[in-house]
Structure formats: structure tokens, C-alpha cells
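Structure first, commentary second.
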Amino acid sequence: MKRDPIYGTMAEFDTPQALIDAAKRTHEAGYKKIDAYSPFPIEGLAEEIGFHFNEVPLVVLIGGIIGGLTGYVMQYWMSAVDYPLNIGGKPPHSWPAFVVITFEMTILNVPRFAFASKDRFFLIVFSSDKKYHRAETRQFLESLAPRSVSEVPS
């Protein structure tokens, strides 16, 4: 399968309301594979881009329960059945104090998408959408009055 060199077309907006309005118009125009990025949760945005139900919370709950039970059973098995410690009331080890390691990351080349974590709002139409056409999609996004429209390479 030939891969499209363009990942999608992205529009940048200044306000949350502008993003919500653009997402609503984009979804109503028939685009189904769209996503939005913002520095904070925006109420109602998920519904406007057509995101209604997600199975992730159920999978996480089941995984958490299974993982917790597995961890408990492993600890019990290792300490009570497989290798029980009979030390006559004395502590088996003298542990040193925990060492706290701090570090700092410096980012030199900050991509444009980093603004999504500060003060900008983005809407992307993925090139895998059935209705996606490079020129027409760009023209549609420009009609939403964004701050800018750009293509996202793969």
C-alpha cells in the first residue's frame, strides 16, 4: 500500500470557541477522521468531532484489577511459599536511605505543535479520511477563518 506523504491538514485557532465552531462545521461537512488539540480540556469538543464512546476506561479498569491481583499473588507466593524468611525476629537487611535524582530537560527545537500546550488550539483533518482531498480540504479549513493552515508531513 502506497503511503501518502501528507499526514493531514491542520488549522490553528486563537480561542476555544473558534475551535469548537470549526470542529462542528468540519464534522457537519462530512469529515470523519479529525482530531483537535488544546492546552486544556474543552467541554463539548469531543462531541463536536464525533467522538462519543471510548472503550479505554473499561480496558484500563480490567487491566488494573488483573494487574493488582497478579501483583498480590506474586508477592504472597514469593514471600510465603517459594522463599519464606525465618530470621528469628532480626531484620534481614539494613537498607540505605533513598537517593533522589533530579534532572532537567532542555528542549532546543520546539515544534509548532508545542503551542498546543500553551495558548493555541488546533484542528486536523487526517489524509486517511475518505473525503480528504488536499486542495479542497485546505480551502475548506481556510473558510473557517483560522490563524493559519498548514500541511502536516508523514
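Every number here is computed from the coordinates shown, using simple stated rules; none is lab data. Since the structure is predicted, the reported quantities are computational estimates derived from the model, not experimental observations. Every residue, glycine among them, receives a Cβ derived from its backbone with ideal geometry; neighbour counts consider all protein chains shown.
Assorted remarks:
- Amide H contacts for ARG120 (H built 1.01 Å from N in the peptide plane; partners 5 or more residues away or on another chain; cut-off under 5 Å): none found.
- Label separation (VAL59 vs SER154): 2.4 nm, computed from points 7 Å beyond Cα along the C-beta direction.
- Applying a DSSP loop filter and a limit of 15 other Cβ atoms within 10 Å to the GluC sites (Glu not before Pro) in the stretch 7-86 leaves GLU43, GLU55.
- Nearest-0.05 FRET efficiency for ALA80 and GLU47, computed from C-beta distance (R0 41 Å): 0.20
- Under the Karplus curve 6.51 cos²θ - 1.76 cosθ + 1.60, θ = phi - 60°, whole-Hz ³J(HN,Hα) for the stretch 139-154, x wherever Gly or Pro sits: 5, 5, 5, 5, 6, 7, 6, x, 6, 7, 10, 9, 8, 9, x, 5
- Computed from label points 7 Å out along Cα-Cβ, the spacing between LYS131 and SER143 is 1.1 nm.
- The H on the amide N of SER127, modeled in the peptide plane, is under 5 Å from the matching H of GLY8, THR9, each at least 5 residues off or on a different chain.
- Full-extension gain in nm, TYR37 to ASP21, via 0.36 nm per residue minus C-alpha separation: 4.4 nm
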